[in-house]
Structures are given as structure tokens and as C-alpha cells.
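Report on one structure; see the data block that follows.
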Amino acid sequence: MHRTFAGLSISLASLALVACGPPKPVDFSLGVPTKEQATVAVPTSTSSGLSEAAPGGSASEQLAVLGEAAHRATAGEIAGLYQLTRGATYLVNGSTVWLLEALAAGVARRPTSVSGNTAVFGPYTPYLSQITWKLTVTRTEFNAFSYLLEGQDKTQPGGPWVPVISGSHTVTVDAGHRAVRGFGEGVFLIEWDQANRLPGRGGDTGTCEVHYGKVDHTTPAYVNVSFNNVAGGSQGTNFNAEYRFALQPELSGTFEFALDLNLHPFDPAMQAQERWGVKSRWMSTGAGRSDVNAHDGDLTIPVTVNECWDAAFLSTYYARSDDPAQGYGVEAQSCAFPTADYSPL
């Protein structure tokens, strides 16, 4: 009797699977990342939460701003390393947000054509844009997609389509295999050498690879970005940079990045770029700290720099291994995180 009952249960389960059939495919419009999923943000003075950093300028111009911020440290004023961290978000977001907005403009409309597992959105020209876009989205699983965004000079409708961003995206689904809007993970690659063939996009070169994920309400969101052989403008120096961002559900977070900056910008005899590894951490209130390790360039030995700030982002502690006289504050009392934690990047 027990074996018969077990066999009947298996048969009923099999019938149920047949009746339910395969999961309903997720709509093509959800097959690309949103701006919220793939941008980086740090706490700001306007709120205790997070605010998206505003992009602007070429990579080289933004690197100059970062270098200036890194050399400012005064007790009771806005922390220089907080400004460095926030400035790094400008660099990352400025490189990606315009294309994320182009993706969003595509899936905001109905597909122009659908053939099997492939949907084409466009051509479409966002308001005041110099570029006409075409987005092709291909379903690879019921909730997973690959995509290609191509641009064209809108004044030359017969001109070539330029591939600018390609990637893959997996949409989070619930127990009933229904899409959970705003959640997912994926990767995309931006080719600036290609993008610069489009109007209004001169400046940066190289590539930018972005891995991102915001899977559900309970796990950390992350954005990991790699810049490869990037140069900003005719005076820019090629550089590589790595960025690792994680945000906990309660809005505490970390942002690690490694990039090349001159530790001695005002000394004409020491103009080589050092490699900086920066790890910034903050609590949900905004209070946090940055720990920097610098090496190579004009340095004969590595240098560490540490700075802490309060919930108003005012500097409360500063230490620099190559110039202890600049330091102030008591680490154990002045820091939201009382011990240093350096980035391995």
C-alpha cells in the first residue's frame, strides 16, 4: 500500500508538471539593466540614505578632480578621502549612465519587431539626442537575455550602425516564476573606441566592463567595474582602474577602487603616478572611513593614508605614514570603524 501510494503521488506530481507547463517567458522589456541596478552611490549631506552621484567630464578631467580631493585633510571640514570616494562615483557613473539611459529609452516602447526569441526596439531617438539607437534583445532562457545596443548619427539615417554596448542580464523571479521588477544581475561591456564614432561622444577610449547585481531585498547589491586602457581627451594619460561597490540592505556599504594618481602633485621633481588602493566604508548614518595604500611611482616604500568622518562627512581623524605631523584625532574614539582595512585591488 505504501509503495502504491508513493507511486500515485509521483504520478500526480508528474501530471501537475505537465499541466503547468514550462515557465512563462519574462517580457523582453525587462531584459536589460536599469540605471538603479548598475550605478554607484555613496551617502550625501542631503540625506542619510544614498544619492546617485552626478556624472560629468572626461575620465582625465575627473581624475584631476580626484587628485585634488585626495590631498585635502583638515579637521572639522569635509573629509578629503570622502570627496575622493564620491568623486570616483562620478567617474564610474559618467562612463555608464548615458548608455543605461539609452537602454531604458528603448525598452520603454513596444518592440518594432519580434521574431522567435529576438526582439528589436527602434530605431528610436531620445529627446534632444544626437544619436539614433537600435536595441536588439535575445531571450536565452525564460528569464535571461543577451542584448546589443547600436547607435547611428541621427543626421545620417543611411549611415552605419555602431555597436556600443553588449551584455547579458538575468531577471530575478519569484517562486511562481514571475519577474520581480528592479532585481537581477548581469554584465555588460562598453567599447569607447566605437562610441567615439558617434556625434558628441569624443574623449574617452578603451573599454569599460561592468558586473552588477541586485538579486533580492535581503542580499547586498553590488557593482564591479573595470576600466581598461582608458584615456580622457588629447592630454589624457592611459590608465587602468578597478572599482568594487557593495551596498547592504540597511544602506551601510563599501567602495573599493584602485587607480593611478600622483601622490606629490605639487613637487615638480616627483611627477610619476603612484598606484592607489582605496577602501571606503560607511554606516547607514553616513559616518565612515577610507584607508589608502599607495606604492610604485616615485615611492621607495609604500605609503598609507587614513581618514575618518562623522555623519556630516566632517573629518575627525587623519594619518599619513610618510608625514605623521599632518595627523590629528584619536583613531579609537574618532572613527566609526576603529581599525584600518586596506583594499587588495
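Things worth noting here:
- Residue match in region 105-115 (condition: polar (S, T, N, Q), outside any loop (DSSP other than H, G, I, E, B) and at pLDDT 90 or above): yes
- Restricting region 248-266 to residues that are within 21 Å of E307 (Cβ to Cβ) and not hydrophobic (A, V, I, L, M, F, W, C), the residue that is surrounded by the fewest Cβ atoms within 10 Å (Cβ to Cβ) is P265.
- Selection status of F313, closer than 15 Å to G80 by Cα and out of contact with any Gly (no Cβ under 6 Å at 6 or more places or on another chain): yes
- Top-ranked residue in region 315-331 [being at pLDDT below 95 and out of contact with any helix residue (DSSP H, G or I) (no Cβ under 9 Å at 6 or more places or on another chain); ranked as surrounded by the fewest Cβ atoms within 10 Å (Cβ to Cβ)]: A325
- F255 being out of contact with any Gly (no Cβ under 9 Å at 6 or more places or on another chain), in contact (Cβ under 8 Å) with a residue 60 or more places away in the chain, within 18 Å of R86 (Cα to Cα) and among the hydrophobic types (A, V, I, L, M, F, W, C): yes
Conditions tested, residue by residue: (1) without any contact (Cβ under 8 Å) to a residue 24 or more places away in the chain; (2) at negative phi; (3) in contact with a strand residue (DSSP E or B) (Cβ under 8 Å, 6 or more places away or on another chain); (4) not basic (K, R).
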position	(1), (2), (3), (4)
R244	no, yes, yes, no
P268	yes, yes, no, yes
E274	no, yes, yes, yes
W282	no, yes, yes, yes
T285	no, yes, yes, yes
Q326	no, yes, yes, yes
G329	no, no, yes, yes
S334	no, yes, yes, yes
T339	yes, yes, no, yes
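- Residue under evaluation L128, criteria (1) at pLDDT 95 or above; (2) part of a loop (DSSP other than H, G, I, E, B), criterion not met: (1)
- P344 being touching a residue at least 40 places away in the same chain (Cβ under 8 Å), surrounded by fewer than 15 Cβ atoms within 10 Å (Cβ to Cβ), not in a strand (DSSP E or B) and not polar (S, T, N, Q): yes
- Total residues in region 184-225, condition crowded, with 18+ Cβ neighbours inside 10 Å, under 15 Å from the mean Cα position of the chain (by Cα) and not hydroxyl-bearing (S, T, Y): 12
- Members of region 279-307 that are in contact with a Gly (Cβ under 7 Å, 6 or more places away or on another chain) and modelled with pLDDT of 95 or more: S280, R281, W282, E307
- Conditions (1) under 20 Å from the mean Cα position of the chain (by Cα); (2) on the phi > 0 side of the Ramachandran plot; (3) part of a loop (DSSP other than H, G, I, E, B); number of the one not met by H177: (1)
- Looking only at residues in region 149-171 that are of a type in the set (G, A, S) and in a loop (DSSP other than H, G, I, E, B), the one that is surrounded by the most Cβ atoms within 10 Å (Cβ to Cβ) is G159.
The values are calculated or read from the model by the stated rules, or taken from the named source; none is laboratory data. What you see is a predicted model, and the numbers here were worked out from it, not measured in a lab. Please note: Cβ atoms are built from the backbone with ideal geometry, for glycine as well, and neighbour counts cover all protein chains shown.
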